[in-house]
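First up is the structure itself, then whatever we jot down about it.
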Amino acid sequence: MAERLLLRAFLEADLDVLDRLCTDPEALGTFEWHGFVDPKIRRRRFEKDSYVGEDSTALAVTVDGEVAGLVSWRGLDYAGPEGTCLEVGAALLPEHRGNGLGTQAHRVLVDHLFRFTTVHRLEARVEAGNTAEQRTLEKVGFRREGVLREVCWRDGAWRDAVIYGLLRTDA
């Protein structure tokens, strides 16, 4: 499986996939869909910096050349040096879920960030009901650090989130 999955920058040919993330509730899944947004918002971000920016970055997850989803990171400011703590995330399209690709995508992302950046701490925040993502993070080595009570608004209700952390020294 590892040979098939790669991360790469988004290309103009991927714009239909980016559009789908804004217009198809199933594309992101129950825990990531927070309602319809401007269907061109992702295209504008692509035109700005192809999703590789100073504040945040997203890369395409590809399997055998086909875009299967995305991984992302953004800086967090905990009063340490810039770039030493990043929040990470991943989302796979529904046709690519449930076969271990999410775990592999997280592993490749973690390896990329620890090899090519000066990050010391990675964080992931996941809705408490999303047990599949929690298992994935734990398989990759993230540690459950706590619960943020009623921090997410989705589907008409406040929801708890679980925060996970992974230090460079843990990897």
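The values are calculated or read from the model by the stated rules, or taken from the named source; none is laboratory data. Only a predicted model underlies this, so the values are computations on that prediction, with no experimental measurement involved. So basically every Cβ, Gly included, is an ideal-geometry build from the backbone, and we count neighbours across all protein chains shown. Surface areas here come from the heavy atoms of the whole protein model, side chains and all, with no ligands, DNA or RNA. Shrake-Rupley method; radii C 1.70, N 1.55, O 1.52, S 1.80 Å.
Can you give the helix-only mean residue ellipticity at 222 nm for the chain, where every DSSP H stretch with n ≥ 4 adds -39500 (n - 2.57) and the sum goes over all residues, rounded to the nearest 500 deg cm²/dmol?
Only helices count here, giving -8000 deg cm²/dmol.
Could you point to the residue in 86, 67, 5 farthest towards the positive end of the range 1-135's charge dipole, with +1 and -1 charges on the Cβ of Lys/Arg and Asp/Glu respectively?
86
Could you give the radius of gyration (one decimal) and Dmax (whole number) of the Cα atoms in the range 3-44, in Å?
11.8, 35
Stretched out fully, how many nm does the piece from residue 48 to residue 24 gain, at 0.36 nm a residue minus the Cα gap?
Value of the extension gain: 6.3 nm.
Considering only the other residues whose Cβ falls under 15 Å of the Cβ of residue 156, what net charge follows from Lys and Arg at +1 and Asp and Glu at -1?
-1
How large is ³J(HN,Hα) for each residue in the range 96-108, as worked out from phi by the Karplus curve 6.51 cos²θ - 1.76 cosθ + 1.60 (θ = phi - 60°), to whole Hz, x for Gly and Pro?
My calculation for the range 96-108 gives 10, 8, x, 10, x, 5, x, 5, 4, 4, 4, 4, 5 Hz in order.
Per residue, how much accessible area does the chain show when a 1.4 Å probe rolls over the protein heavy atoms, in square angstrom?
57 Å²
Taking the Cβ-Cβ separation of residue 125 and residue 13 as r and a Förster radius of 35 Å, what is the calculated FRET efficiency to the nearest 0.05?
The computed FRET efficiency comes out at 0.70.
Quickly work out the residue 76-to-residue 56 label distance, labels modelled 7 Å from Cα along the C-beta direction, and quote it in nm with one decimal.
According to this spin-label approximation, the distance is 1.5 nm.
If I compute solvent accessible area with a 1.4 Å probe over the protein chains, what percent of it on the range 51-157 is carbon and sulfur?
47 percent
Across the chain, how large is the tail of the calculated P(r) beyond 19 Å, expressed as a percent of all Cα pairs?
Percentage above 19 Å: 58.
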